[in-house]
């Protein structure tokens, strides 16, 4: 036995290891505790409140917000894109039906390279898994309309389509909407930004410098 092993033996013998405790798993999965029922109200009142809060938070984070309906979605998206856009394989063709530029679908036939995503003027268009009004956060879980995390971390400009039915009030209900919590998650609250010691804000350091959110209102009941 060497000196290290002897020291460790004495440490272990001096105090027995405590028994493993029970980890509580009663996590909140809804927003009712805050007085905000997360169920989408059929009269639209609860939904409108959440949408207004989400818009307020996104604007405060310096994201662009563009309200539209399902009928004007394609035209709204086309007005935000440049001459070239990269999209995940699962983005619906209808989102791009009014766009006249070059569309590159990731993985069809090959994955887009990092250097290509970093080219000036390129935009990435995705959907989201959920949007949290209270924090102004978009949640991406690498689903078919969101693709690889790389797609939304490298390009300078990210356009994200959010449907009204995807908006929750708080974080518990937002995470409860995820089909598989083990998937890789990206939580986006505004454009990428950081501040130095003098509080000078710099955008685009750790991700897209520009974030545009296309918020699709639910059809009238």
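The values are calculated or read from the model by the stated rules, or taken from the named source; none is laboratory data. Owing to the predicted nature of the structure, the values given are computational and were not obtained by experimental measurement. Backbone-built Cβ (ideal geometry, glycine too); neighbour counts: all protein chains shown.
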Original post:
Which helices (runs of 4 or more DSSP H) sit wholly inside segment 94-180 and have at least 1 residues that are surrounded by 22 or more Cβ atoms within 10 Å (Cβ to Cβ) and at pLDDT below 95?
Top reply: 149-153, 171-176
**OP:** List the number of the failed condition for residue 46; all other conditions in (1) in a helix (DSSP H, G or I); (2) more than 19 Å from residue 167 (Cβ to Cβ); (3) at pLDDT below 90 hold.
**Re:** (2)
Original post:
Which one is nearest to residue 59 (Cα to Cα) among residues in segment 181-193 that are in a loop (DSSP other than H, G, I, E, B), at pLDDT 80 or above and in contact with a strand residue (DSSP E or B) (Cβ under 7 Å, 6 or more places away or on another chain)?
Top reply: 190
Original post:
Of all residues in segment 83-93 being more than 17 Å from residue 163 (Cβ to Cβ) and surrounded by 13 or more Cβ atoms within 10 Å (Cβ to Cβ), which is nearest to the chain's Cα centre (by Cα)?
Top reply: 86
Subject >> Residues satisfying the stated conditions in segment 69-82, i.e. closer than 29 Å to residue 48 by Cα and under 22 Å from the mean Cα position of the chain (by Cα) >> reply: 69, 70, 73, 74, 76, 77, 78, 79, 80, 81
Subject >> Hey, residue 218 in contact (Cβ under 8 Å) with a residue 60 or more places away in the chain and surrounded by fewer than 17 Cβ atoms within 10 Å (Cβ to Cβ) or not >> reply: yes
Subject >> Subset of segment 194-220 that is farther than 18 Å from residue 149 by Cβ, outside any strand (DSSP E or B) and in contact with a helix residue (DSSP H, G or I) (Cβ under 6 Å, 6 or more places away or on another chain) - its residue that is modelled with the highest pLDDT >> reply: 217
Subject >> Residue pairs meeting the criteria (Cβ under 9 Å; at least 6 apart or on separate chains; first within 27 Å of residue 164 (Cβ to Cβ), in segment 195-215; second part of a loop (DSSP other than H, G, I, E, B) and at pLDDT below 75) >> reply: 210/204
